[in-house]
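A short write-up of the structure that comes next.
The values are calculated or read from the model by the stated rules, or taken from the named source; none is laboratory data. In this text, all values refer to a predicted model and were calculated from it rather than measured experimentally. Cβ: placed from backbone, ideal geometry, glycine included. Neighbour counts: every protein chain shown. Only protein heavy atoms, including side chains, enter the accessible area calculation; ligands, DNA and RNA are left aside. Shrake-Rupley method; radii C 1.70, N 1.55, O 1.52, S 1.80 Å.
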Amino acid sequence: MSTSQSTRTFSWQNLGDLELGRPNLGPMAPVLAYRLMQFSLWDALIGEFGQEKANDIFRRAGHMAGREFCQNLLDKNLPFSEFIAQLQKILKDQLIGLMRMEKVELDTMQFTLTIAEDLDCSGLPCTDEVVCQYDEGFIAGILEEYTGKVFHVVEIDCWASGDRVCRFSARLLGDASCD
């Protein structure tokens with residue numbers, strides 16, 4: 001790759017060829033390895049920039065990842081219910097989590113969804129806080145890429161806050177092409 005670190009822009013292609021690079025270990029990594037990277041990076045960002053800025057960076061990173069995930073793994077031409085079914089299957093197949101739609105209001109584009117066995121937090125000790133800012137951005141990125149509209153996604157329940165699923169509220173903000 002000839003692009004330097006200082007000028008790199010995230011894209012799906014930056015993930016590399018996992019079959020070529022991991023012929024023996026395969027494309028999946030343990031949750032432990034993912035969380036070691038995630039929580040140490042988050043802690044470093046908090047130390048450098050403070051909690052609010054670190055959370056914002058995680059949301060933005062999740063948003064970029066969600067858009068790329070949708071562009072590369074999902075069929076954006078499917079009707080909504082089929083798109084959601086495909087998303088549920090791929091999230092499960094990729095061991096990211098088990099998604100369930102609790103509330104769907106297509107006329108206002110407001111949704112409530114849960115992720116069980118969430119990659120980011122299921123099994124964490126209870127700290128009375130929500131910790132899935134990356135997931136907020138990830139979900140918003142997927143919805144934005146699918147609809148062409150901007151979404152605001154907020155985690156309202158989390159394993160770390162004492163619940164056994166992560167629950168997210170998503171609402172439409174506007175047209176993505178206007179930003």
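For region 52-79, a tally of residues being surrounded by fewer than 14 Cβ atoms within 10 Å (Cβ to Cβ) and part of a helix (DSSP H, G or I) returns 3.
Of the numbered criteria (1) at pLDDT 95 or above; (2) hydrophobic (A, V, I, L, M, F, W, C); (3) out of contact with any Lys or Arg (no Cβ under 7 Å at 6 or more places or on another chain), the one L98 fails is (3). Just one of (1) polar (S, T, N, Q); (2) under 13 Å from the mean Cα position of the chain (by Cα); (3) surrounded by 15 or more Cβ atoms within 10 Å (Cβ to Cβ) fails for S161. It is (2).
Comparison of F69, F49, F111 shows that the only residue that is aromatic (F, W, Y) and within 13 Å of the chain's Cα centre (by Cα) is F69. Restricting region 54-99 to residues that are of a type in the set (K, R) and without any contact (Cβ under 8 Å) to a residue 24 or more places away in the chain, the residue that is nearest to V31 (Cα to Cα) is K92.
Among the residues in region 129-145, are any surrounded by fewer than 18 Cβ atoms within 10 Å (Cβ to Cβ) and farther than 25 Å from E52 by Cα? Looking through region 129-145, none of the residues is surrounded by fewer than 18 Cβ atoms within 10 Å (Cβ to Cβ) and farther than 25 Å from E52 by Cα. Checking each residue of region 82-93 against the condition of being among the acidic types (D, E), open to solvent by 60 Å² or more (accessible area, probe 1.4 Å) and in a helix (DSSP H, G or I) gives at least one match.
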